[in-house]
Amino acid sequence: ARRVRRPRRGGRARHRPTMGGGGGEQCYLYRDLGRGSYGGDIFCLQQALKKEGHFSGAPSAFYGEKTELAVASWQASMGLQPAKGFMGRQSRAAFARKHKLPTPDEITAEDAAVRADGVRKTCMDACAQFGDEKFCHTRCVRREALKGHACREACQIAFAEACDKQYPGTGKSAEYQDCLKHSKASCKKLCGRYD
């Protein structure tokens with residue numbers, strides 16, 4: 001969806017993309033995902049796949065057979081080959097483009113804050129805190145206009161890390177999943193000023 005501003009006298013209408021909301025559109029898939037992985041990004045991916053009709057059941061944040069089959073179904077629907085259920089770089093880039101998000105090449109970790117030609121990227125920090133512990137991440141973008149995305153990705157990662165720490169163990173609980181459900185609203189509140 002795009003919001004269009006009326007043109008000024010003699011000018012053209014300017015288009016500014018609006019952000020997708022709810023249901024998984026704002027999932028930043030910053031790492032390859034496959035069977036055996038778990039985390040907030042997988043929870044978000046499962047929500048998106050469910051909304052698109054590829055995943056059934058409640059999101060668990062665990063990448064098991066059910067998620068693998070849902071990803072393979074999504075990949076096939078997108079014409080991605082091979083459609084084997086692994087969210088590698090190609091699939092993550094296709095997911096980002098479909099949801100009008102920056103691709104994995106456009107948002108990077110802190111260690112890549114300076115381009116090869118010496119020009120600095122715009123970097124955003126986001127932190128989540130549970131009790132006395134603070135979890136912070138930095139993400140960098142090539143263009144200033146994408147700094148809201150950098151903030152939201154950093155926030156998503158920090159929030160998931162905080163939930164992981166608060167609810168440790170491989171058998172993630174309902175409390176862990178409930179914790180992750182608050183990620184989108186919290187990150188939207190933290191990063192909304194950059195849109």
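The values are calculated or read from the model by the stated rules, or taken from the named source; none is laboratory data. No experiment lies behind these values; they were computed from the predicted model shown. Quick reminder, even Gly has a Cβ in these numbers, built from the backbone with ideal geometry, and neighbours come from all protein chains shown. Calculation scope for accessible area: heavy atoms of the full protein, side chains included, ligands and nucleic acids excluded. Shrake-Rupley method; radii C 1.70, N 1.55, O 1.52, S 1.80 Å.
I'd like the full set of residues that are more than 18 Å from Gln156 (Cα to Cα) and part of a loop (DSSP other than H, G, I, E, B), limited to segment 62-80. First the steps, then the outcome.
We begin by selecting, within segment 62-80, every residue more than 18 Å from Gln156 (Cα to Cα); these are 64-80.
Correct list: Gly64, Gly79, Leu80.
So which residues in segment 41-68 are exposed (fewer than 14 other Cβ atoms within 10 Å of the Cβ) and farther than 22 Å from Ser173 by Cβ? Break it down stepwise before answering.
Start the filter on segment 41-68 by keeping residues that are exposed (fewer than 14 other Cβ atoms within 10 Å of the Cβ), which leaves 51, 53, 56-58, 64-65.
If the condition is that a residue be exposed (fewer than 14 other Cβ atoms within 10 Å of the Cβ) and farther than 22 Å from Ser173 by Cβ, then Lys51, Gly53 are the ones that fit.
Which one of the conditions (1) at pLDDT 85 or above; (2) assigned to a loop (DSSP other than H, G, I, E, B); (3) crowded, with 16+ Cβ neighbours inside 10 Å; (4) not polar (S, T, N, Q) does Arg35 fail to meet, given that it meets all the rest?
It fails just one condition, (3).
Restricting to segment 98-156, name every residue that is modelled with pLDDT of 90 or more, in a helix (DSSP H, G or I) and charged (D, E, K, R).
Those that are modelled with pLDDT of 90 or more, in a helix (DSSP H, G or I) and charged (D, E, K, R): Lys98, Lys147, Arg152, Glu153.
Considering (1) on the phi < 0 side of the Ramachandran plot; (2) modelled with pLDDT of 85 or more; (3) open to solvent by 10 Å² or more (accessible area, probe 1.4 Å), say which one Arg14 fails and leave the rest.
Failed condition: (2).
So in segment 120-166, with the set limited to residues that are acidic (Asp, Glu) and over 22 Å from Pro104 (Cβ atoms), which one is surrounded by the fewest Cβ atoms within 10 Å (Cβ to Cβ)? Step through it out loud before you land on a result.
First, the residues of segment 120-166 that are acidic (Asp, Glu): 125, 132-133, 144, 153, 161, 164.
Right, trim to over 22 Å from Pro104 (Cβ atoms) and you get 132-133.
Numbers: Asp132: 5, Glu133: 11.
Out of the qualifying residues, it is Asp132.
Quick one: in segment 81-94, of everything that is open to solvent by less than 60 Å² (accessible area, probe 1.4 Å) and either part of a helix (DSSP H, G or I) or modelled with pLDDT under 95 (or both), which residue is farthest from Cys179 (Cα to Cα)?
The initial filter retains those residues of segment 81-94 that are open to solvent by less than 60 Å² (accessible area, probe 1.4 Å), namely 83, 85, 87-88, 91-94.
Within this subset, residues satisfying the condition of being either part of a helix (DSSP H, G or I) or modelled with pLDDT under 95 (or both) are 83, 91-94.
Numbers: Ala83: 31, Ser91: 27, Arg92: 24, Ala93: 27, Ala94: 28 Å.
Across segment 81-94, the extreme among qualifying residues is Ala83.
Could you check, for segment 58-71, whether at least one of its residues is more than 25 Å from Glu161 (Cα to Cα) and not β-branched (Val, Ile, Thr)?
Of the residues in segment 58-71, the ones more than 25 Å from Glu161 (Cα to Cα) are 69.
Okay, now just the ones that are also not β-branched (Val, Ile, Thr), so 69.
Yes, the conditions are met somewhere in segment 58-71.
Please verify whether segment 129-144 includes one or more residues that are in contact (Cβ under 8 Å) with a residue 60 or more places away in the chain and in contact with a Lys or Arg (Cβ under 6 Å, 6 or more places away or on another chain).
No, there is no match, as no residue in segment 129-144 is in contact (Cβ under 8 Å) with a residue 60 or more places away in the chain and in contact with a Lys or Arg (Cβ under 6 Å, 6 or more places away or on another chain).
From (1) at pLDDT 95 or above; (2) in contact with a Pro (Cβ under 7 Å, 6 or more places away or on another chain); (3) more than 22 Å from Cys155 (Cβ to Cβ), pick out the condition that doesn't hold for Arg2.
Among (1) at pLDDT 95 or above; (2) in contact with a Pro (Cβ under 7 Å, 6 or more places away or on another chain); (3) more than 22 Å from Cys155 (Cβ to Cβ), the lone unmet condition for Arg2 is (1).
When you check Gln26 against the structure, is it in contact with a Lys or Arg (Cβ under 7 Å, 6 or more places away or on another chain) and part of a loop (DSSP other than H, G, I, E, B), yes or no?
Working: in contact with a Lys or Arg (Cβ under 7 Å, 6 or more places away or on another chain): yes; part of a loop (DSSP other than H, G, I, E, B): yes.
Considered against the rule, which asks whether it is in contact with a Lys or Arg (Cβ under 7 Å, 6 or more places away or on another chain) and part of a loop (DSSP other than H, G, I, E, B), Gln26 comes out as yes.
Find all pairs meeting these conditions: Cβ atoms under 6 angstrom apart; at least six residues apart or on different chains; first residue within segment 12-40 and of a type in the set (Ser, Thr, Tyr); second residue at pLDDT 50 or above and assigned to a loop (DSSP other than H, G, I, E, B).
So the pair list comes out as Ser37/Tyr63; Tyr38/Ala61.
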